1. Out of the total accessible area of chain B (probe 1.4 Å, heavy atoms of protein only), what percent is carbon and sulfur?
2. Given 25 °C and 0.890 mPa s, compute D for the range A:114-198 with the Stokes-Einstein relation, Rh being the Kirkwood radius over Cα pairs; round to the nearest whole µm²/s.
3. In whole angstrom, note down how far apart the Cα centers of the range B:159-185 and the range B:46-72 are.
4. With the cut-off at 27 Å, report for chain B the share of all Cα pairs above it, as a whole percent.
5. Can you find, among B:246, A:84, B:124, the residue sitting farthest towards the positive end of the charge dipole of the protein assembly as shown, where Lys and Arg contribute +1 and Asp and Glu -1 at Cβ?
6. Can you give me the relative contact order of chain B as a percent, contacts being Cα pairs under 8 Å and 6 or more apart?
7. Taking the Cα atoms of the protein assembly as shown, report the difference between the largest and smallest coordinate on each principal axis, in whole Å and largest first.
8. Summed for both chains, how many Å² of accessible area, to the nearest 100, are buried between A and B with a 1.4 Å probe?
Amino acid sequence: MVSDRLLHSLLALFAALAAGLLLLVVGFIAQEALGLLQQLGVGAFLFHGEWQPYAGRFGLLPMLLTSLLLMLGAVAIATPLAVVGAACINFYLGRHSAILARRLVEIAAGIPSVVYGLWGLTLLVPLLAAIKQPGASLLAGMMVLALMILPTIVVVVDAGLRALPTHYRENAEALAIRRSGFVFAIALPAVRGSVITGATLAAARAIGETMVVMMVTGNLVQLPGSLFDPVRALTANIALEMAYAMDEHRSALYVSSLFLLLFAVALVLTNQLLLGWRGRHG
Amino acid sequence: MDRRTFLAGSCLGLLAFTWECGAEESVKLLATGSSTVAPLVAELARRFEQSHPTIRIDVQTGGSSRGVADARRGVVDFGMVSRALKTNESDLYVTTLANDGVSVIVHADNPVQALSRADLIALYRGEIDDWGRLGGKVGEPPVVVTKAAGRSTLELFASYLEMPPEELKAAIVIGDNQQGIKTVAGNPNAVGYVSIGAALQAMAAGTPIKVLPMNGIPATLEAVADGSFPISRPLNVVTRQPPNGALAQFLDFALAQAQSDIVVAMSFVPRHGQ
């Protein structure tokens, strides 16, 4: 009894500590950002197209849209590939090759993002430059990010597929349903929740990614006219300018951090919404 | 003073305080000034403090002008200035720690052998759409690479072009020297500028880039060290009095050949060659 109560209070203490730390971070960012936000108003950041911090113009719109596009593009490329990959591991590979494939995916998920960035900068960007200069572009960012988040989605979907009750498969076999029919009509629809969760996790990683994006997108602040235009993401902007920013410029960078935080919150809510919808109707 | 330096300063202060309890007699040197020189002084100071545990060196930034003003008013032990001193600053004593030079780089396969100042201005105004106009491959558009706002390399390069830094137009914006070198190495049409030390190191390592001469002067460490290279500047320490005591000890230490590895690692050029 006593030890139970002790454990309970200890756990509560650590949980509160973790939550408190997060709140402190949010509070700190808000405190640094709010002064300038109140002074200029949210509109100055959202509806102004130009980012010229030394002239006092802090339009975040091109970078906000870039971050959003990079995330959507990367998720759109990576999710179908990951779902097919996870299905392949579970239903088409032999036992040993499946184990090998899982280990490889786990390793890929653990590779530091800067390595993906280096690969993109030295291989992918020159390839794209051969199609259309300068190579460093929105498309390069989407592709490298997609590669980076692919393993994350595979891991989550794979876990979902492995947790499927064995009688699904047994019943399907008893009914003489072909393997492709089982995979696409039964197994994959049954793990829709895992796909959504995996894609959301990956999206959060993609929108927060800094190094990769900074290395391959060209970092030019502009609204992209095409996939081959160089762009600058919010995260890359913070990384490029924070070390040299002072006063208002610094606060403006904190405002962009605040927007990134809002993105993260929106992602979690979207995930909840999608899963909730499935819970009622699926 | 920004909040971060203040925090870092207070931590250092606290550290120095606990240190002082043990030491018999300790000296603290305070420096302010150029954000280009500050990291160099901080690195040199770190190594210096290991062999001289009674001396602490506290480094804060704030720009070259602040370094001059603070040193002149005597509120710091020395100021850090990333330019040659002006004639009205001749009351201060100068020690040059190292030199900083910026070179223009292109891909090794680019046939261009030199770019004039006028060529560079046209490139960075976005007025050139064909390398053929500058003696390169006809029909290939230049991909102009520049540094992100606030970098000292950008400021030095822009001042050479006599353009405001924010007016330099480019297709790709980079952070540090290495990213610039990899970007140019990966694109035969790229043109950019990086610290000379970093560019020469990369070339020696076989990276396919080419360092262009400026006004006919080849981009070498020697040309930067003796100040003859057009895009270069001294990294100075200034004091109100001739350096003595702990400060003289530190400056002698900083200029010694044994410390040139720190200078080189930060892509600056040591005063006495490598």
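The values are calculated or read from the model by the stated rules, or taken from the named source; none is laboratory data. Quick caveat, the model's predicted, so the values are computed rather than measured. Every residue, glycine as well, gets a Cβ built from its backbone with ideal geometry; the counts of neighbours run over all protein chains shown. Surface areas here come from the heavy atoms of the whole protein model, side chains and all, with no ligands, DNA or RNA. Shrake-Rupley method; radii C 1.70, N 1.55, O 1.52, S 1.80 Å.
1. About 53 percent, which is the carbon plus sulfur part of the accessible surface.
2. Diffusion coefficient, whole number: 158 µm²/s.
3. 30 Å
4. Within chain B, distances greater than 27 Å cover 43 percent of Cα pairs.
5. Towards the positive end, the residue furthest out is A:84.
6. Over chain B, the number comes to 25 percent.
7. 95, 78, 51 Å, listed from the longest principal axis down.
8. 1900 Å²
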